[in-house]
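First the structure, in the form of structure tokens, and then the observations on it.
The values are calculated or read from the model by the stated rules, or taken from the named source; none is laboratory data. Only a predicted model underlies this, so the values are computations on that prediction, with no experimental measurement involved. All Cβ positions, glycine included, derive from the backbone under ideal geometry; neighbour counts span all protein chains shown. Side chains included, ligands, DNA and RNA excluded: accessible areas come from the protein's heavy atoms. Shrake-Rupley method; radii C 1.70, N 1.55, O 1.52, S 1.80 Å.
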Amino acid sequence: APAAAKDGGGVCAAEAPAAAKDVGEQPETATPAAAAEAPSTAPYPLSKNQQKKQIRKEREKEQRVEKKAKGKEVKKQRKAVERAEREKLEAEGGAPAARRKDDLPRVGGRGKGNREIFDELRVSGQRIAIDLGFDADMTEREVKSLVLQLSHLYGINRKSQTPMKLHFTSVNGRTDEQLKKNSGFPNWRIELCEKHYTEVFPKGDIVYLTAESDVTLEAFSPGDVYVIGGIVDHNRLKGITYKKAEELGLRTARLPLADHVDLGSGRKVLTVNHVFHIMQRFAETSSWRTAFLDALPQRKLKAGENGADGEGG
């Protein structure tokens, strides 16, 4: 029988131990030399760099989970605030606010009809001016960053159900050049002016928003125009907007951040588009807390505490 198997070649090496087992024989054990030659399946120890990468990945995973949980908490707080304000409004006999965006007419978007609706609404909207008179004080990179922020805030206003009457003043120099590089800029529905804002509006109507002000803005006054400093300076020119407003004898105000949110130990200065978004959301909701929660990125918020203050300029 063994000879027949050898001649036929039908017994493979893997089947040999099974045949030996059938006749009651034990399979041969591997010799120490053979074991040494066999490749090891045990994982190699991680290098220091690999260990660091693994620790970093685990930390990033934990941060994503934490960020998601914070996002849910912020959303929960916002809904609670909106629900309380809606109930208060209804209790006072006012008209209930729309619960969803779907309940409101569409304003943003393309098409002649949408543009006409937007124009009708913005004409009667709260006046907001972006002071672009800091072109010479910024670097080329800062100018480009500012123009990007202006694009963001215009998009916010364009989609709003209660758009602001938006003015860009002192539009000159590199800022003007960068704005014109935006292919859609000629179609922006804004009031564009090369003049200084004091030449466009009566001084008595102007309120300059600056973090250094001692006055807290509690609500909008329809007759006022609120000026936001169009500047990106990374704290190099801290207090410049307040100083200029004081020199011109203008009223100033700051957003009520300390009363509603906490920015923690992070940077207190907000970007131009964040300040505008806060103003726009307050116009829509009449709630500073809702405005802050909606407009500020989660990384700037420290949930559950209060005490921060400041805004951009």
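For the stretch 241-258, take each phi angle, set θ = phi - 60°, evaluate the Karplus expression 6.51 cos²θ - 1.76 cosθ + 1.60, and give the result in whole Hz per residue in order, putting x for glycine and proline.
In residue order, the calculated couplings are 5, 5, 4, 5, 5, 5, 4, 8, x, 9, 6, 10, 7, 10, 6, x, 4, 4 Hz.
Positive end of the charge dipole of the stretch 151-196 (Lys, Arg +1 and Asp, Glu -1 on Cβ, about the Cα centre): tell me which of His167, Cys193, Tyr154 has its Cα farthest that way.
Toward the positive end, the furthest listed residue is Tyr154.
Taking H as built 1.01 Å from N, whose amide H comes closer than 5 Å to the amide H of His167, not counting residues under 5 places away?
It is Ile128, Ala129, Ile130, Glu191, by chain and number.
Quick one: Karplus J couplings for the stretch 170-176, per residue in order, coefficients 6.51, -1.76, 1.60, θ = phi - 60°, nearest Hz, x for Gly and Pro?
Residue by residue, the stretch 170-176 yields 6, 7, 8, x, 5, 4, 4 Hz.
To one decimal place, what Kirkwood hydrodynamic radius in Å is obtained for the stretch 150-216 from all pairs of distinct Cα atoms?
About 13.9 Å for the stretch 150-216.
Going by amide H atoms built from the backbone, whose H comes under 5 Å of the H on Gly133, apart from near neighbours?
Gly230
Just to confirm, what accessible area per residue do you get for the stretch 112-219 at 1.4 Å probe, in whole Å²? If you can, show how the numbers build up before the last one.
Values: 5270 Å² over 108 residues.
Ligands and nucleic acids excluded, the figure is 49 Å² per residue.
What ranking, highest mean first, results for peptides 182-191, 48-57, 117-126 when packing means the other Cβ atoms within 10 Å averaged over each residue?
Numbers: 182-191: 12.9, 48-57: 10.1, 117-126: 15.5.
Descending mean neighbour count gives 117-126, 182-191, 48-57.
Give me the one-decimal nm value for the distance between modelled label points at Thr198 and Arg236, 7 Å along each residue's Cα-to-Cβ direction.
Placing both labels 7 Å along Cα→Cβ, they lie 2.5 nm apart.
How much length is gained on full extension from Lys243 to Arg189, taking 0.36 nm per residue of separation minus their Cα-Cα distance? Intermediate results must be reported in sequence, preceding the final value.
On the way: separation 54, 0.36 × 54 = 19.44 nm, distance 3.09 nm.
So the chain would gain 16.4 nm between Lys243 and Arg189.
Output wanted: per-residue J couplings in Hz (rounded whole) for the stretch 119-134, from phi through Karplus 6.51 cos²θ - 1.76 cosθ + 1.60, θ = phi - 60°, x for Gly and Pro.
Taking θ as phi minus 60°, the curve returns 4, 5, 6, 6, 4, 9, x, 4, 7, 10, 10, 9, 7, 9, x, 10 Hz for the stretch 119-134.
List residues of the stretch 189-225, by number, whose backbone nitrogen lies under 17 Å from a label position 7 Å along Cα→C-beta of Ala258.
210-219, by backbone N distance to the label point.
Can you send over the solvent-accessible area of Leu248, 1.4 Å probe, protein chains only, in Å² to the nearest 10?
So the heavy atoms of Leu248 present about 60 Å² to solvent.
Keeping all protein chains in position, work out how much accessible area Asp224 exposes to a 1.4 Å probe, and write it in Å² to the nearest 10.
Accessible surface of Asp224 is approximately 20 Å².
With every protein chain left in place, what is the accessible area of Lys244 in Å² (1.4 Å probe, nearest 10)?
80 Å²
For Arg251, what residues show an amide H to amide H distance below 5 Å, using hydrogens built from the backbone and excluding near sequence neighbours?
When sequence neighbours closer than 5 places are left aside, the close amide H contacts are Tyr208.
Please give the charge dipole size of the stretch 126-279, origin at the Cα centre, charges +1 on K and R Cβ atoms and -1 on D and E Cβ atoms. Round to the nearest 20 debye.
Numbers: 20 positive and 20 negative charges, 98 e Å.
In debye, rounded to 20, the stretch 126-279 gives about 460.
So if each residue of separation counts as 0.36 nm, and I subtract the Cα-Cα distance between Ser221 and Leu46, what length gain in nm does that give? Let's see the in-between values first.
Details: separation 175, 0.36 × 175 = 63.00 nm, distance 6.44 nm.
Roughly 56.6 nm would be gained on extension.
At 0.36 nm per residue, and after removing the present C-alpha to C-alpha distance, how many nm does the segment from Glu140 to Arg56 gain when stretched out fully? Walk me through the numbers on the way to the answer.
Working: separation 84, 0.36 × 84 = 30.24 nm, distance 3.50 nm.
Full extension of this stretch gives 26.7 nm more.
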